[in-house]
1. About the Cα centre of segment B:30-94, what is the dipole size in debye to 20, counting +1 per Lys and Arg Cβ and -1 per Asp and Glu Cβ, all else neutral?
2. What nm value, rounded to one decimal, do you get for the distance between A:LEU183 and A:LEU274 when each label is placed 7 Å out toward the C-beta?
3. At a threshold of 8 angstrom on Cα-Cα distance, excluding pairs fewer than six apart, so keeping six or more, what relative contact order does chain A reach in percent?
4. Applying 1/(1 + (r/R0)^6) with R0 = 41 Å to the Cβ-Cβ distance of A:ALA290 and B:ASP64, what FRET efficiency is obtained, to the nearest 0.05?
5. According to a simple spin-label model (label point 7 Å from Cα along Cα-to-Cβ), what is the distance in nm between A:GLN148 and A:ASP18?
6. Between B:GLN207 and A:ALA198, what's the calculated FRET efficiency when r is the beta-carbon distance and R0 is 41 Å? Round to 0.05.
7. Along the charge dipole of the protein assembly as shown, pointing to its positive end and built from +1/-1 on Cβ of Lys, Arg, Asp and Glu, which listed residue (A:LEU272, B:PRO134, B:ALA221) has its Cα farthest out?
8. Name all residues of segment A:44-86 having a backbone nitrogen under 14 Å from the label point set 7 Å from the Cα of A:SER122 along its Cα→Cβ direction, giving them as ranges.
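A short reminder: the numbers here are calculations on the coordinates, not readings from a lab. Computed from a prediction, not measured in an experiment: that's the story for all the values here. Virtual Cβ from ideal backbone geometry, glycine too; neighbours counted across all protein chains shown.
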Amino acid sequence: MRFLNALSAVFVGDAQADRVVPPTGYTARLTLFAAAAMAFLTVFALALSLATGRLAQRWGNELAQSSTLRISAPSEQLDAQTDAALAVLESTPGVASARALSADEQRALLSPWFGPDLPIDSLPIPQLIEIKETEQGYDTVGLRHRLQAEVPGAVLDDHTRWRRPLEKAAGRLRFLGWVSIGLIGAATAAMITLAANAALSANAQVIAVLRLIGAQDGYIAQAFVRRFTLRSLTGAALGTAIGMLAIFLLPAAQDEAGFLTGLGFSGASWALPLVIPPLAAVVAYLATGAAARRTLGELA
Amino acid sequence: MIELNNIAYSYGGGELLSDVSLKIAPGSFHFLTGPSGSGKTTFLKLCYGALVPTSGHVELFGRDVREMSRDDHALTRRQIGVVHQDCQFLDHLPVRENVSLPLMVSGRENLEQVSNLKELLSWVGLGNRAGALPPELSGGERQRAALARAVIMSPDVVLADEPTGNVDWDMSQRLLQLLVELNKMGKTILIATHDMNLIRAAKGHVQARVLRISNRKLQLAGADL
């Protein structure tokens, strides 16, 4: 509560007290630029983190709701085993639908590797059966046992071995996104601290005069804290606005381009970057406050 | 009010002041003399807590300076107006704001005080220079502005370090007159100066004690004025 009151005092301010510290050109520009650049990067890190989260969820959902049955058998037994497998699947609880892929569909799946003119009829290619699951899903172990008994050439792939590493990779990317945001915050605090230290050192004479006339440390610190907090807020607001515009202007999500075009915000998540400027202001408030207390102690 | 008991102060390995004791009573007027480098400025700084003695005790308004926090020192300085030799202004603020800085930092700036500010600036003869920046002022104007800033909070004590150091004789008389007027209002005054003519000029206008720093010691310089 005390922190919030102090922070609100920064925004309400004391216009006359602000004038006590002379405007310092390069620290003002440095703080504005650093805050803007960091906010811009934070917008992208946030977009990356959200996009990887969405991607992990999509991959998980898509792969979790489907599985594939592969039937490898001599060509004269292939149709019979396919029919037997379909019969097993139709009677399996948790299987919403099952269908054998047509020759054209199998050719399409293989064309990226073998080209469009693949003579699929002359090759010993296994028959694939696409299985769609219900919400509850089926008993994988039970189905495998039944297939082993009734369709010896069938191999069930429930996508677990694909899904887990993909989800893990997406989770790591999302974690890296948040780590990046944390590092950006820390770097912002470091830069603002350096700028505040420079401003405090440059104004040692001002501080001496203020002490001579009875100014308490809180008053002196507040003059610097308010200035740096407002500069950071302004810079971060600019950087966030530019970052959001850049994200908005990215190409729309397309299946062909996959993850790259999916980098962005959707729906309510567009509101998330708006948190960046106030957070930058809080970081600046804390960093400048600490720098001011330290410098005023050293100048005593 | 201000009490120094057997204080010593060392700087850079050498002792500047040794075994100095003084009790400054309310409403008194003191001159502090001594050659350049004898420790007059150091003595004044000890008197308002800007320096802490290496040994001995300094009490300001009954409190030992060693036991005071930085904020306590700040509050004490609102009761002690200081006129520095080099005045020390914020060069980017006009005279009016420099003079009213003590009010600003103590949160006592109000309409009544602003009205007092105008009177105060007129009293020190800067009524028409209120909007000027400190670098635009002459030496005498700077000293008068510094005096106005030192007294705007109506402090109990005014300490002045060579207040007439950079001004001509007429202006030093004017400044002395202002300090004498303050003393007649009940303020305690301590002026550090090497200008013996200024001290002689005060004779007949004020009852003052003349102190001298010599060989690191504080002595009474002849008879009181």
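1. Roughly 80 debye, rounded to the nearest 20.
2. The modelled label-to-label distance comes out at 3.0 nm.
3. Once divided by the residue count of chain A, the mean separation gives 34 percent.
4. After rounding, the FRET efficiency stands at 0.85.
5. A separation of 7.7 nm, rounded to one decimal place.
6. 0.20
7. Farthest towards the positive end: B:ALA221.
8. none
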